[in-house]
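So the structure is just underneath, and the comments pick up after that.
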Amino acid sequence: MSKVPGAECKVIRTTSESQGTQGFDYMEAISAESVESKGICMHLLTIPPSGRSKAHLHQDHETAIYVLSGKAGMWHGEQLEQHIEVEAGQFLYIPPGVPHLTYNASATESCSAVIARTDPNQLESVTLLPELEGLRPDRSQTN
């Protein structure tokens, strides 16, 4: 017997995409809208070769990413002064309130990842940071 009235497990098969405020397209999967989740959202992200997000932050939620294929880089910090790279088989954690800008490290291959976050809504709360855009104009600028 379920402890939550009306609760049921669901399999999601989706071909529906949505565009995120930060500039990437996401394959919609688990969200408040699709399964009435209360505290989690999961999507599939494919970053095209040389693709890059807009500088942004997520004020009130955490994000966890598992890279399925390819390699991505991320500038992060108050002035995007810190840099990390993540590749297939690795996880990345982004705490709330941290400015970041993500890019595909390859000019020839896509980078795919599963994203989970604590904002259950399909369209997450994003604060764009246009004042940081010019700090990292080129995805390969690593110094």
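Taken together, the values in this text are just the output of simple stated rules run on the coordinates, not laboratory data. Every value quoted in this text rests on a predicted model; they were computed, and no experiment measured them. Methodologically, a virtual Cβ is constructed for each residue, glycine included, from the backbone with ideal geometry; neighbour enumeration extends over all protein chains shown.
Note on SER50 and SER125: the extension gain reaches 24.5 nm, defined as 0.36 nm multiplied by sequence separation minus the Cα-Cα distance. GNM remark for the chain: springs join alpha carbons under 10 Å apart, and the peak mean-square fluctuation among PRO95, PRO130, PRO48 falls on PRO130. Only sites in a loop by DSSP and with at most 14 other Cβ atoms within 10 Å count here; which trypsin sites (Lys or Arg not before Pro) in the range 12-85 make the cut? Loop-located and lightly packed - ARG13, LYS38.
Ignoring lysines fewer than eight residues from LYS10 along the same chain, the ones with Cα atoms less than 17 angstrom from its Cα are LYS38. For the chain, relative contact order (Cα pairs under 8 Å, six or more residues apart, normalised by length) works out to 30 percent. Note that the range 40-134 shows a convex hull volume over its alpha carbon atoms of 85 Å³ per residue. The fewest-to-most ranking of SER112, SER31 by surrounding Cβ atoms within 10 Å reads SER112, SER31. Cross-link partners of LYS71 among lysines, defined as those whose alpha carbon lies under 26 angstrom from its own and excluding same-chain residues fewer than eight positions apart: LYS54. Of the GluC sites (Glu not before Pro) in the range 22-97, the ones in a loop by DSSP (not H, G, I, E or B) with at most 12 other beta carbons within 10 Å are GLU36, GLU78, GLU81.
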